[in-house]
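First the structure, in the form of structure tokens, and then the observations on it.
Please treat every number below as a calculation from the coordinates, not as lab data. These figures come from a predicted structure and were not determined experimentally. All Cβ positions, glycine included, derive from the backbone under ideal geometry; neighbour counts span all protein chains shown.
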Amino acid sequence: MKTDDLIQSLARDVPAVPRHALGGRIAFGIAGGGVITSALLMAALGIRPDLWIAMHGFAFWMKWTYTASLAIVAIVATMRLARPDALPSRWLWLLAIPVLLLAGIGIGELADTPSRDWLAMWLGQSWKICPWLVLTLAMPIFVGLLWSFRRLAPTRLRAAGAAAGLAAGAIAATIYCLHCPEVSAIFVLTWYSLGIALAAGVGALVGPRILRW
Amino acid sequence: MQEREEQLRAWMTDGLAGDAGAHAALLRALVPLLQSFYRRRMRGAEHDVEDLVQETLIAVHTRRASYDRDRPFVAWLYAIARYRMIDHFRRQRITVPVEDLADILVAEGFEDACAARMDVARLLSGLSSKQARAIRDTHIDGLSVAEAAQAARIGESDVKISVHRGMKLLAARIRGERP
């Protein structure tokens, strides 16, 4: 095809692009995946029956604050990496803040608990499945973000994949909080974080292949 | 040169607002720009150059939502062009070292890119006086390295290093990494 003809055919279809189109597209991908993840959670796991009571307690909000703040940082990183001239993300150390805060709470809890109960507190009731559930629930959101990327232009594909996986994992963990009855900070710090990190790892692994354009 | 970034950016912004004429004008203006960009980097593969130009135009068209209206247009454009070139080499299964975006921006004429953000004088004012002078002498006043070295009473290699380091810094600033 001649370049002039190509330009003519491209110029036939020029829809307006709103100023915040990139953010909107990523939000749409996350929302689409989030609906499926929520449906999965309700159908397969169910919402914890004591949710209303739990929402009056500290543990629930500790978990939500932790996963939601990771999600926010990850979403911002994803939005940046969706642009071709993405700048190096020097502010990713912000991720350490929620981790350190939660670790601080965890140390406080350990200090208040007799050491013979530490193992039970750390493993909770669900340590074997928690990371895998978070990883599974992250997948619809990750796929939603892959859809978002189709009209965007990531050029650092591994980083973009990792950021999308991290965002998907952290959002999935936030939704998973509606089911999970665990209350200890070291449980969340270990097993939630492991699930979220697995999702980020999957993203980094498949990013260079799937995000190519 | 300063007009080029401004003109391209104006067409891009109008195109994003739905103006098909501006969008077509932009794509047409990009053709010679991209041709020289790829020709310089893919010596002797004229067929590949045309393919890459077309692929880049398509990417500019379909992925225009990834352009941030507050950032320089050419940095965005060359980032896409660079990615298309890397992908091209990947498909051919050959390994070719490709310059960083910062080096590309400098190589494609830093006046071009920086015009979007600030004028040259203001840009240079942030560098050390030696770096600013070396860049002004060699890139704006058109002195040779030897002449610039003599005028500033420093060594030729000193001039070269000052230009190189200063340009790196400028490129970082053009991309908005530094204030």
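Some notes on this structure:
- Taking 0.36 nm per residue of separation and subtracting the current Cα-Cα distance, fully stretching the chain between A:ARG212 and A:VAL35 would add 61.1 nm.
- Stretchable slack from B:THR95 to B:LYS160, in nm (0.36 nm times residue separation minus alpha-carbon distance): 20.5 nm
- Note on A:2-10: average number of Cβ atoms from other chains within 10 Å of each residue's Cβ is 5.
- With neighbours defined as other Cβ atoms within 10 Å of a residue's Cβ, the residues B:GLU147, B:GLU108 order from fewest to most as B:GLU147, B:GLU108.
- Per-residue HN-Hα couplings for the stretch A:38-52 [Karplus 6.51, -1.76, 1.60; θ = phi - 60°; Hz; x = Gly/Pro]: 5, 4, 4, 4, 5, 6, 8, 10, x, 7, 4, x, 9, 4, 4
- Using θ = phi - 60° and Karplus 6.51 cos²θ - 1.76 cosθ + 1.60, couplings along the stretch A:170-186 (whole Hz; Gly, Pro as x): 5, 5, 4, 5, 4, 5, 4, 4, 5, 9, 6, x, 5, 10, 8, 5, 6
- Charged side chains reduced to their Cβ positions (Lys and Arg at +1, Asp and Glu at -1) give the stretch A:1-93 a dipole of some 200 debye around its Cα centre.
- The order of A:ASP50, B:ASP103, A:ASP85, going from fewest to most other C-beta atoms within 10 Å of their C-beta, is A:ASP50, B:ASP103, A:ASP85.
- The label-point distance for B:ALA10 and A:SER126, in a model that sets each label 7 Å from Cα toward Cβ, rounds to 6.0 nm.
- Under 16 Å of direct C-alpha separation, and excluding same-chain neighbours fewer than eight residues apart, A:LYS2 reaches these aspartates and glutamates: B:GLU46, B:ASP48, B:GLU50, B:ASP51, B:GLU55.
- Estimated at 0.36 nm per residue, the fully extended path between B:ALA29 and B:SER129 surpasses their Cα-Cα distance by 32.3 nm.
- Relative to the longest principal axis of the Cα atoms of chain A, the long axis of helix A:193-210 lies at roughly 20 degrees.
- Each label point was placed 7 Å from the Cα along the Cα-to-Cβ direction; for A:ASP13 and A:ASP117 their separation is 6.3 nm.
- For the stretch A:4-112, the set of chymotrypsin sites (Phe, Trp or Tyr not before Pro) satisfying both a DSSP loop assignment and a count of at most 13 other C-beta atoms within 10 Å is given as A:TRP91.
- Given charges at beta-carbon only (K, R positive; D, E negative), |dipole| of chain A in Debye: 760
- Spherically averaged projected area of the stretch B:32-91 from its Cα convex hull (nm²): 4.1
- Note on B:52-65: average number of Cβ atoms from other chains within 10 Å of each residue's Cβ is 5.
- Here the residues A:SER89, B:SER125, ranked from fewest to most Cβ neighbours within 10 Å of their Cβ, fall in the order B:SER125, A:SER89.
- Per residue, the protein assembly as shown reaches -21500 deg cm²/dmol at 222 nm when only DSSP H runs of four or more residues are counted, each adding -39500 (n - 2.57).
- Nearest-ten-degree value, helix A:130-149 long axis tilted from longest Cα axis of chain A: 20
- Projecting the Cα atoms of A:SER115, A:GLY165, A:GLY24 onto the charge dipole of chain A (Cβ charges, centred on the Cα centre) puts A:GLY24 farthest toward the positive pole.
- 20 Å Cα-Cα reach of B:LYS160 towards lysines, excluding residues that sit fewer than 8 places from it in its own chain: B:LYS130, B:LYS168
- Anchor A:LYS63: lysines whose Cα lies under 26 Å away (excluding residues fewer than 8 positions away in-chain): A:LYS128
- Helix A:58-81 vs. chain A, principal-axis angle (Cα, 0 to 90°, nearest 10): 20
- The mean number of partner chain beta-carbon atoms within 10 angstrom of a residue's beta-carbon across peptide A:14-23 is 5.
- Spread over its residues, the convex hull of the C-alpha atoms of the protein assembly as shown is 188 Å³ per residue.
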